[in-house]
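The values are calculated or read from the model by the stated rules, or taken from the named source; none is laboratory data. Remember, it's a predicted structure, so these values are computed and weren't measured experimentally. In this analysis, Cβ positions are derived from the backbone assuming ideal geometry, glycine residues included, and neighbour counts consider all displayed protein chains. Remember, those area values only see protein heavy atoms, side chains included, never the ligands or the DNA or RNA. Shrake-Rupley method; radii C 1.70, N 1.55, O 1.52, S 1.80 Å.
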Amino acid sequence: MIDLVGALILVIGFLILLRIFDLVGRSKRVLKVARESMLVVQDRWMEDREKEKKMQRHAVTLLWLFVQITFLSVLALIIPYGIVWCLEQFGWMSAGKAIEITLSPWFIGGTVAVTVLYLMLTRRKKAKSEINSYSGIDRMLHNISFATLSFQAAMSKPESRLAGKKLKNIGIKRPVFITGLPRAGTTILLEICAKSGEFVSHTYRDMPFLFIPLWWNRFSKYFRKDITKRERAHGDGMLIDLDSPEAFEEIIWMEFWPSRYKKDRILPWAAPEYEAFEKFLKDHIRKIMLVRGKGLKSMPRYISKNNLNISRITYLKSIFPDAVILVPFRQPVQHAASLLRQHLNFNKIHSEDEFAKKYMRDIGHFDFGHNLRPVNFQGWLKKSTGLNPESIEFWLRYWVAAYNYLLTEVHEYLTFFSYDKFV
């Protein structure tokens, strides 16, 4: 019995030190830096000098993390064993027998069972206090998906080849892109259009494996259950379920254009050419049309709502010359007040729910809260240094910068839509 206590010291001591030394966090950091390195290599619009500097920094970071993880892992093993060895010197237990017990099948099985039970209980307790909580499986799938986006992008090519004939027969004619600052009625406009039967779009069923929608939708239908409509996190009365349309294209833009996304802002697109990206985007839209258009007599048009498309109107129009780009607008003071309310709302959500913050960041929703990254239209942020996003002045200046850019730079591509008349 006393040797069992020694085995428990070895295991529990290791787990405690694992947490104290933050070995799991350091391992996640390795994966994150490795992924950032891949994105730097793939970013064709980043200057070579900047690429070299970033890759050097990443290499140093990875080396340091490797040294830390190796040293701390050895330490986490040695310290518990040292305690058991000292107890053996007093004749209280046998270190050899303690190790033998830890390697026995019954002890390993019991340890795994206790660990799983502990995780289930702690997750259940945590979920009660979280806003828009996801199940453990949902979170696991989300984390796996967003840790393997580059792999999914590669797998989208064989997916496209297998569906080659079907995709070739789908023409992307007069697609509709709803864009503009959030809180201008973009979501309800999308929902009304999507319900008309003339359009198809992304829905929550496409998450989290967005880059391979044909395979994911075919596979997930066997286990994914429908959910009751619930109010979205904005608290604005909009109800959503798995079939609700939503903006998920930003994940694709983030994967191909990482240098546009700075820590505190997003840089507007110029009018570049990126053939690999453009082909990927068109194929992806065709796949969504194929998934949503099954059983219909004629293929509907594609529609999307993505607020950040406001930062790349010219480029979007060059890819889809016949596109309809719809920009809702509303009275500026009311709009700014609504933006401020949602920013404060999401500040609270992100403070209480770390997964909600991560989820919104992963899917490219940088509109509010701790993830806020305004689009730097015509350098307006430099002129507004020191403005607090928790003040209405910040959002009024953002409104002026955004719509001034639209009216002076890209108005010939746009159809403006009055939110107030719509209401």
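The table that follows gives values for the structure above.
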{"read-out": "Total residues in the stretch 381-409, condition part of a helix (DSSP H, G or I) and touching a helix residue (DSSP H, G or I) at 6+ places or on another chain (Cβ under 6 Å)", "value": "7"}
{"read-out": "Verdict on ILE178 being at negative phi, open to solvent by 20 Å² or more (accessible area, probe 1.4 Å) and at pLDDT 90 or above", "value": "no"}
{"read-out": "Set ARG124, ARG161: member being open to solvent by 100 Å² or more (accessible area, probe 1.4 Å), outside any loop (DSSP other than H, G, I, E, B) and at pLDDT below 85", "value": "ARG124"}
{"read-out": "Residue within the stretch 369-380 that is touching a His at 6+ places or on another chain (Cβ under 6 Å), surrounded by 15 or more Cβ atoms within 10 Å (Cβ to Cβ), in contact (Cβ under 8 Å) with a residue 40 or more places away in the chain and within 19 Å of ARG397 (Cα to Cα) present", "value": "no"}
{"read-out": "Residues (open to solvent by 40 Å² or more (accessible area, probe 1.4 Å) and either part of a helix (DSSP H, G or I) or not charged (D, E, K, R) (or both)) located in the stretch 254-276", "value": "MET254, ARG260, LEU267, ALA270, ALA271, GLU275, ALA276"}
{"read-out": "Residue check, PHE90 at pLDDT below 85, farther than 30 Å from ILE212 by Cα and open to solvent by 40 Å² or more (accessible area, probe 1.4 Å)", "value": "yes"}
{"read-out": "Some residue of the stretch 10-31 being surrounded by fewer than 16 Cβ atoms within 10 Å (Cβ to Cβ) and part of a loop (DSSP other than H, G, I, E, B)", "value": "yes"}
{"read-out": "So LYS358, is it open to solvent by 30 Å² or more (accessible area, probe 1.4 Å), in contact with a His (Cβ under 9 Å, 6 or more places away or on another chain) and not in a loop (DSSP other than H, G, I, E, B)", "value": "yes"}
{"read-out": "Members of the stretch 183-222 found to be within 26 Å of LEU372 (Cβ to Cβ) and surrounded by fewer than 19 Cβ atoms within 10 Å (Cβ to Cβ), listed by number", "value": "ILE188, GLU191, TYR204"}
{"read-out": "Residue list for the stretch 66-83, filter: touching a helix residue (DSSP H, G or I) at 6+ places or on another chain (Cβ under 7 Å) and of a type in the set (Ser, Thr, Tyr)", "value": "SER73, TYR81"}
{"read-out": "Matching residues, the stretch 309-324, being under 26 Å from the mean Cα position of the chain (by Cα), surrounded by fewer than 22 Cβ atoms within 10 Å (Cβ to Cβ) and not in a helix (DSSP H, G or I)", "value": "PHE320"}
{"read-out": "Matching residues, the stretch 381-409, being closer than 21 Å to PHE177 by Cα and surrounded by fewer than 18 Cβ atoms within 10 Å (Cβ to Cβ)", "value": "ASN404, LEU407, THR408, GLU409"}
{"read-out": "Scope the stretch 329-355; condition open to solvent by 20 Å² or more (accessible area, probe 1.4 Å) and assigned to a loop (DSSP other than H, G, I, E, B); matching residues", "value": "ARG330, GLN331"}
{"read-out": "Filter result for the condition that a residue is surrounded by fewer than 16 Cβ atoms within 10 Å (Cβ to Cβ), among the charged types (D, E, K, R) and more than 28 Å from ASP48 (Cα to Cα), over LYS294, LYS279, LYS287", "value": "LYS294"}
